[in-house]
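Take a look at the structure below.
Bear in mind that the values in this text are calculations on the coordinates, not laboratory data. Just so you know, these numbers come straight off a predicted model, no measurement behind them. With ideal geometry, Cβ positions are generated from the backbone for all residues, glycine too; neighbour counts draw on all protein chains shown.
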Amino acid sequence: MLNELYSELKHELRGALHKKRHPFKYLTLSTVDEHYSPRSRTVVLREVSESLECIFFTDARSEKVEHLNSNNSACILAYHPKKLMQLRLDGTLVQIDDPNEIKRLFQKVSEKAIKDYTTSLAPGSAIANPDHVEYVPRKENHFKALRFVPHAVEYLRLKRPNHLRAIFKSDDDWKGQWLVP
């Protein structure tokens, strides 16, 4: 039954790429700041590989990029309210530096969303008025792609008569172990 759970969680996570309103499209990504405090934010899932590596886009000047430079440990949390399913992925977050890969990923950014990577100030900077955000030319964008590489996935499914909880760890292959819910 563990193999079925793993197949289900993989199917649901990858399904977020193809179903417009899938609840796993928007995930909570947590990193660790310089004071070892957790920092969480919602990110948009852009790609999921067969090995469950996830791709996210961000501004290169964002807090999460600063965090991963000092501590690249990260966690993703996803919740599916209709299925009462929660996934927590533990792993590392790395910057994608290959120019060809960056170009390929940047081509996926819609014209409307490119603006998000062209603010003259870094995300989170103080401003006097939200209507007066300044932008730089498109070619000077601050687009950054990040890859989340999981080493463990915890699955929790609330159901009756028994909740199901398991952890899957990656060595060369994902191996599962039941947990007390």
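Phi-derived couplings, Karplus 6.51 cos²θ - 1.76 cosθ + 1.60 at θ = phi - 60°, listed residue by residue for region 40-57: 10, 7, 8, 10, 9, 6, 9, 8, 9, 7, 4, 8, 6, 5, 10, 10, 10, 10 Hz, with x used for Gly and Pro. Within the straight-line cut-off of under 13 Å between alpha carbons, the aspartates and glutamates reachable from Lys25 are Glu12, Glu47, sequence neighbours fewer than 8 places apart in one chain being disregarded. Angle, helix 2-15 long axis vs. longest principal axis of the chain, Cα atoms, 0 to 90°, nearest 10? Rounded to the nearest ten degrees, it is 30. Taking other C-beta atoms within 10 Å as the exposure proxy, Tyr155, Tyr36, Tyr26, Tyr6 rank Tyr36, Tyr26, Tyr6, Tyr155 from fewest upward.
Hey, what's the per residue convex hull volume over the C-alpha atoms of region 66-181, in cubic angstrom? Mind dumping the intermediate values first?
Working: hull volume 21.9 nm³, N = 116.
So the per-residue hull volume is 189 Å³.
In percent, how large is the relative contact order of region 118-178, given Cα pairs closer than 8 Å and 6 or more residues apart? It comes to 22 percent, rounded to a whole number.
Could you line up His151, His35, His67 from fewest to most neighbouring Cβ atoms inside 10 Å?
On the way: His151 13, His35 6, His67 21.
Ranking His151, His35, His67 by Cβ neighbours within 10 Å, fewest first, gives His35, His151, His67.
A simple rule links phi to the HN-Hα coupling: the Karplus curve 6.51 cos²θ - 1.76 cosθ + 1.60 with θ = phi - 60°, which for region 16-22 gives 5, 6, 10, 9, 3, 9, 5 Hz, with x for Gly and Pro. Along region 100-111 the Karplus relation, 6.51 cos²θ - 1.76 cosθ + 1.60 evaluated at θ = phi - 60°, assigns HN-Hα couplings of 5, 5, 4, 4, 4, 5, 4, 5, 7, 6, 5, 4 Hz to successive residues, with x for each Gly and Pro. Amide H contacts of Thr119: Val136, each under 5 Å away and 5 or more positions distant or on a separate chain (H built 1.01 Å from N in the peptide plane; Pro and chain starts excluded). Once the C-beta distance of Met1 and Tyr26 is scaled by a Förster radius of 30 Å, the resulting FRET efficiency is 0.55 to the nearest 0.05. Annotation for region 21-102: trypsin sites (Lys or Arg not before Pro) lying in DSSP loop with at most 15 further Cβ atoms inside 10 Å of their Cβ are Arg21, Lys82, Lys83. Helical content of the chain, expressed as a calculated mean residue ellipticity at 222 nm, amounts to -5000 deg cm²/dmol (DSSP H runs of 4 or more residues, -39,500 (n - 2.57) each, divided by residue number, nearest 500).
Among all the lysines, which ones have a C-alpha under 21 Å from Lys19's C-alpha, if same-chain residues fewer than 8 places away are not counted? Lys19 reaches Lys10, Lys82, Lys83, Lys108, Lys112.
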